[in-house]
Amino acid sequence: MEPELEWLRIRVAELEQRLAAVESRVGMAAPVPPVVTPPAPPPIVTAPPVFDQSPEAAVVAEAVTSTADTVEANAGLVWANRIGAVTMILGVAFAFLYAVDNDIIGPTGRVLCGLVAAMVALFGGDRLRQRGHRIFAQGITALGICILYFSFYAAYQLYHLIPQALAFGGAVVTTALGGALALRYDSRAVAILALFGGYLSPILASSGEPNDVFFGSYLVALNGVALTLARRKGWVSVDVMAALATGLLMSLWFLTRRTQMSPIFAGFAVAQFVIFALSPFAPLRLAAPVVGMFAVGWMCSPESSSVYWAWAGAVSLVGIGLAWREGDDRRLAASVVGWMVGFAEWSPHAALHGPLFGGLASGFVSYLGATVLLPAVRRTMGTYSAIALNALFFYGVCYEWFHRDYAGYMGLLALVVAASFLGAATYLKGREAPAEMMTVSAGWALGFVTLAIPIQMSGYGITLAWAVECAVLAFLAMRLQNQWAFAASWIVGVLALVMVFANDAGRAWGSDYSPVINARFVPFVVVALGLAANAYWTSQLGFLPRAMAGVPLVAAHFTLLAGLHLEAFAWIGMGESKKAFASSLLLALYGLALVAQGMARNFRLHRVLGLVLFALVVVKLYLYDIWQLNQFYRILAFVVLGALLLSGSFLYSRYRHRLLELLKHDEEN
């Protein structure tokens, strides 16, 4: 305080000089300041000083704290104290180890020395705090707590002087004492330093003979205190330090004896997960199920199926329960990610198929039910992420593990998953749930139906099923006026198009050919009909311009025309002149049919498409057919195609007045 008092004296003197100068300018006589004898230094009191809260005092305090003296005070008092406490903790630990190696003091004497030193440090820290050395006392108090931890741990694990129950009781008492002192002093530093010593004790006092029950219980007690402090005081750093230390200790413990790990140790991993899942720090509580499930999968052998599913189920239920209690779908998504990570780490190559499928199915049903029933006020991406990850993980893992032995049931499994989502959508509709939840559930149902088709079916049956689904989805989109169903119908339609051109176009050639009813022409016709139905129902969607229906309609005509070409080529057989003539004839006839239908039904798109085909025929006739066809087919092509073109022109001439009226009517509307 001396530098600060000196600064205040100088500042007061400057202000008095300025005041005297102002008084002399206005003609006032400056009062003679009384001679004040400097008072004796005040005695040290335990109560903290009360500072002036006026604006002037705030300016003075800001000036003081901005000086280099404050930086020096922090470095010399706070950080030197913290580092000194940590250094002393390590020194005490090294002293124990040195005494063991050189047999200077017997085991009992070493432990007693530690206990006495701990009591002296705790008593001295409290006395120093009462005398005003608050920051310095924090380091001494934390040192005493750490020595107590080390003494109890060494008495049991290193020297075997006390039974396990007494050692654990001492550790619990020490932990409670450290937490109580941290709360009493309102000091996060005491909490961190005390817990640091607690986490360090198992490493420095290890005897090489692990005890899973004692070590696991010891960690649960430490982390319980860390959680209590973090929740009561909002000390997030305490919880984060505890999580990092726990992960490091459990990893070291497991790596040193993986082949000897007892199944109960996975239970302690689950207990740690429960503790950190209750953390006030959101990233930590969301990471807890992922790390907890990873630890369970890491510690359970691939052969211990029942042990893994028991602990994994416990972690899953805790995660679902916390998500349910808080209405937080982010917790649910994190729990699903943990479920996936734990199974991937476990990787049960030798597990029986029955228990394996039972565990996977239980997880899928539990998470789907929790997602649907979660009492969340507002759904976020956590809900939709949980739905997607749960479905994809379940079916993906089942397909990977079972498709070699149960290939015939994989499509059925996809339909079962689809039925589950359809049931969820139906339930949500009855409960007046958010519309997007029903849409997402129905979308996943349709997605798995689409997936089941190529898995369960073969040949052109896949194409036929997708074509029918394309039309059905468009119908549902029209009835529900739903954008997602419309988008799904177009996606499935694209799949059907790809399938029919990439796979079915090569079927039923040569000796396998039979006219019209064959494995090539039937898929082309069905896909064309499915796309045409899609176009019809798309035209009735209120949220889209009617012109959008032209896209699937053009695709339908293109598909049917391609199928007719392939059918004609297969029927004709060999001969390039025959195929070229047949192609031109098909294009002209199809164009004439479109023009006629467009005239009869006042459908402009068909008329335009017919004229486009006429133009294509003319270009093909004069640029290709005239040079490639032999004389007979050249004459036939020009005569027949000319007649068809004149027929189309006659239609426009015959119905030109009606056509003009229709066009005028369209423009007015």
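The values are calculated or read from the model by the stated rules, or taken from the named source; none is laboratory data. Just so you know, these numbers come straight off a predicted model, no measurement behind them. Using ideal geometry, Cβ is built from the backbone for each residue, glycine included, and neighbour counts are taken over all protein chains shown. The area values use the complete protein model at the heavy-atom level, side chains included, leaving out ligands, DNA and RNA. Shrake-Rupley method; radii C 1.70, N 1.55, O 1.52, S 1.80 Å.
At-a-glance table
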read-out: Full-extension gain in nm, R18 to I491, via 0.36 nm per residue minus C-alpha separation; value: 161.8 nm
read-out: Label zone at I264 (point 7 Å along Cα-to-Cβ), backbone N below 20 Å, region 211-248; value: 211-224
read-out: Probe 1.4 Å, all protein chains present, accessible-area order of M119, M438, M250, largest first; value: M119, M438, M250
read-out: Approximate spin-label separation Y513-H353, in nm, with each point projected 7 Å along Cα-to-Cβ; value: 4.4
read-out: Inter-label distance, nm, simple model (7 Å from Cα along the C-beta direction), A361/I635; value: 7.5
read-out: Of all accessible heavy-atom area on region 278-339, the percent that carbon and sulfur account for (1.4 Å); value: 73
read-out: Segment M457-V236, extension gain: residue separation times 0.36 nm, minus the distance between their alpha carbons; value: 74.0 nm
read-out: Packing-based order for 550-556, 469-475, using average beta carbon neighbours within 10 Å, highest first; value: 469-475, 550-556
read-out: Sequence of D126, D329, D186, D405 from largest to smallest accessible area, 1.4 Å probe; value: D405, D186, D126, D329
read-out: Exposure of T108 as accessible area (Å², to 10), given a probe of 1.4 Å and all protein chains; value: 80
read-out: Calculated FRET efficiency for the pair E436/D186, C-beta based, R₀ 56 Å, to 0.05; value: 0.75
read-out: Percentage relative contact order, region 493-575, counting C-alpha pairs under 8 Å, at least six apart; value: 32
read-out: Gyration tensor verdict on region 307-349 (Cα atoms; rounded if a/c is under 1.5, prolate if a/b is larger than b/c, oblate otherwise); value: oblate
read-out: Accessible surface of region 555-599 [probe 1.4 Å, protein heavy atoms]: carbon and sulfur percent; value: 78
read-out: Heavy-atom accessible area per residue - region 472-533, 1.4 Å, Å²; value: 50
read-out: Calculated FRET efficiency for the pair A282/H160, C-beta based, R₀ 45 Å, to 0.05; value: 0.55
read-out: Shape of region 329-389, Cα gyration tensor, a/c cut at 1.5; value: prolate
read-out: Cβ-based net charge around S489, under 13 Å, with every Lys or Arg adding one and every Asp or Glu removing one; value: 0
read-out: Sites L529 and L623 - FRET efficiency at Förster radius 35 Å, r taken between beta-carbons, to 0.05; value: 0.55
